[in-house]
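Below: the structure, in structure tokens.
The values are calculated or read from the model by the stated rules, or taken from the named source; none is laboratory data. All of these numbers come straight from a predicted model, not from anything done at the bench. Every residue, glycine as well, gets a Cβ built from its backbone with ideal geometry; the counts of neighbours run over all protein chains shown. These accessible areas exclude ligands, DNA and RNA; they are computed on the full protein's heavy atoms, side chains included. Shrake-Rupley method; radii C 1.70, N 1.55, O 1.52, S 1.80 Å.
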Amino acid sequence: MDAWHSGKTLVTPGACWATHFNTDRKSNMSYAIVGFGAVGQALARMFARKGIDVTVASRHPPEALAPQANAIGPMVVPKTLKEALDADIVMLAVPYWQHREVAKARASWKDKIVIDVTNSLEDLGGVPSSSVIAQTLPGAQLVKAFNHLPARVLAEDPAINGGRRVVFLSSDDESAAATVAALVEQLGYAPVNLGKIAEGGLLVQARDGIWGPLIFQDLFKKGQ
């Protein structure tokens, strides 16, 4: 059984929240990060570290993002929001309340994989924030991931002392979850699938002003 550790504490995950999944990934997939603040730039560093091309965009024109993008590396390419949303996988790294603005920028979200990196402390009536975002992106395959760690940690190399930093993910679409898990592996992290958003996914959701129990938990998987 896999062992996980945070600092000096070893944790063995139970089957109730750590599930196995296929990590076969599609070839020639394109990636985009929408939102280029601290979190968006940390995500961009993940791709640059592995030499993977990624488009970045925000409400600002591409030329405004160029200095930060160039500082990260040549694999990070600023584009317009409309152009970025043509990517196969879109990482939503904007403040939660901006998701509706992004949703309106594309006519159809059918079969688009969207990774929800946002967090919200708004009172959403007990509904997970990712479920609210999914309603504004009809047809999209939404996966919650990369949201449980602060930007400064996301920007760090995930390989430490022979282990890999854990990234939790949850989705109501098993195929999309497997695709995102493969990307997580490709970026050098250890994916842990928490299951559906309304179930295990609540462990990394913010709802009714309360953080889920796995928010800010910086865990590592030892070995392979």
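Tabulated results
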{"item": "Residues satisfying the stated conditions in the stretch 48-71, i.e. buried (at least 16 other Cβ atoms within 10 Å of the Cβ), closer than 13 Å to residue 37 by Cα and not hydroxyl-bearing (Ser, Thr, Tyr)", "result": "56, 57, 65, 68, 69"}
{"item": "Residue satisfying condition, being without any contact (Cβ under 8 Å) to a residue 60 or more places away in the chain and open to solvent by less than 20 Å² (accessible area, probe 1.4 Å), within set 167, 153", "result": "167"}
{"item": "In the stretch 131-150, residue nearest to residue 92 (Cα to Cα) [restricted to those that are open to solvent by 30 Å² or more (accessible area, probe 1.4 Å) and in contact with an Asp or Glu (Cβ under 7 Å, 6 or more places away or on another chain)]", "result": "141"}
{"item": "Selection from the stretch 135-154 of residues that are assigned to a loop (DSSP other than H, G, I, E, B) and at pLDDT 95 or above", "result": "137, 140, 146"}
{"item": "Filter result for residue 111 (of a type in the set (Asp, Glu), touching a helix residue (DSSP H, G or I) at 6+ places or on another chain (Cβ under 7 Å) and under 17 Å from residue 172 (Cα atoms))", "result": "no"}
{"item": "Subset of the stretch 186-217 that is in a loop (DSSP other than H, G, I, E, B), at pLDDT below 85 and open to solvent by 20 Å² or more (accessible area, probe 1.4 Å) - its residue that is farthest from residue 156 (Cα to Cα)", "result": "208"}
{"item": "Condition met for residue 177 (at pLDDT 95 or above, touching a Pro at 6+ places or on another chain (Cβ under 6 Å) and among the hydrophobic types (A, V, I, L, M, F, W, C))", "result": "no"}
